[in-house]
1. Would you mind computing, in nm to one decimal, how far apart the modelled labels at Glu60 and Ala160 are, each placed 7 Å from Cα along Cα→Cβ?
2. Quick one: check the C-alpha center-to-center distance for region 51-97 versus region 151-189, whole angstrom.
3. Counting only protein heavy atoms, what percent of the accessible surface of region 5-188 is carbon or sulfur at a 1.4 Å probe?
4. Run the helix sum for the chain: -39,500 (n - 2.57) per DSSP H stretch of 4+ residues, divided by residue count, reported at 222 nm to the nearest 500 deg cm²/dmol.
5. By how many nm would the segment from Ser46 to Gln72 grow when fully extended, if each residue of separation counts as 0.36 nm and the alpha-carbon distance is taken off?
6. For region 65-132, what is the Kirkwood hydrodynamic radius in Å, using each pair of distinct C-alpha atoms?
7. Determine, for each peptide in 146-156, 9-19, 38-48, the mean count of other beta carbons within 10 angstrom over its residues, then list the peptides with the highest first.
8. So how strong a dipole does region 87-189 carry about its Cα centre when Lys and Arg Cβ are +1 and Asp and Glu Cβ are -1, to the nearest 20 debye?
Amino acid sequence: MSARRILLVGPPGVGKGTQAERLASRLGIPKISTGDMLRAAVAAGSALGERARELIESGELVSDEIVIGIAQARLSEPDARLGFVLDGFPRTPAQAEALDGYLAGAGTPLERCLVLEAPEAELVERLLKRAQIEGRADDNEATIRRRMQVYRDQTAPLLAHYRGGSIVAEIDADSTIDEVEKRIDEALS
Ligand code: ADP
């Protein structure tokens, strides 16, 4: 497995966060999740958290400007020099362009873009189950539907941005966590 600058893309509930965590720890590189960073800002009650809270709770995206800023700041930290697993960023074509520009400037382009896929009915069921366990503010049915719509409208178009090149692999994520992990390893080998 040689790729170290890896992007995971996929709809809410597809398991990006779980797989990003496992992959990052296997490779000894950081998992960089804008969702985690934004939730931490909300929990800390920072000015950024205040701006993000309502958007997250209603299933809307936080502005490109804010998210690009926090992602670039995190990517420029020393532990990301050896590589990273990106989870939840980029999420719009504008974010993808900003990321490409940043990485090209550093001479370290993305190596792989893994697209995780599963049927929407399965995703909604998983998120409703997670709502009972974790109590995330955005895991209620109305917000889940909105997040799916936002994914289709704003995030799915960015796949065209990467599909032109040869870094994209599609992963069937409608399976157990261990099985999906195996498929990701295979796609990276
Ligand atoms: P999901 O399970 O919906 O993929 P995430 O934890 O990645 O959840 O993100 C939760 C919320 O945080 C999103 O619905 C959005 O409001 C905000 N967010 C996270 N990443 C981004 C991003 N790259 N651009 C804009 N908003 C983001």
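The values are calculated or read from the model by the stated rules, or taken from the named source; none is laboratory data. Not measured: the values here are computed from a predicted model. Quick reminder, even Gly has a Cβ in these numbers, built from the backbone with ideal geometry, and neighbours come from all protein chains shown. What goes into the accessible areas is simple: the full protein's heavy atoms, side chains included, and nothing from ligands, DNA or RNA. Shrake-Rupley method; radii C 1.70, N 1.55, O 1.52, S 1.80 Å.
1. 2.5 nm
2. 18 Å
3. The value for region 5-188 is 51 percent carbon and sulfur by accessible area.
4. Values: 9 runs with 104 residues, N = 189.
Computed mean residue ellipticity for the chain: -17000 deg cm²/dmol.
5. 7.5 nm
6. Taking every pair of different Cα atoms in region 65-132, averaging 1/r and inverting gives 14.0 Å.
7. Listed from highest to lowest mean packing, they are 9-19, 146-156, 38-48.
8. So the magnitude is around 380 debye.
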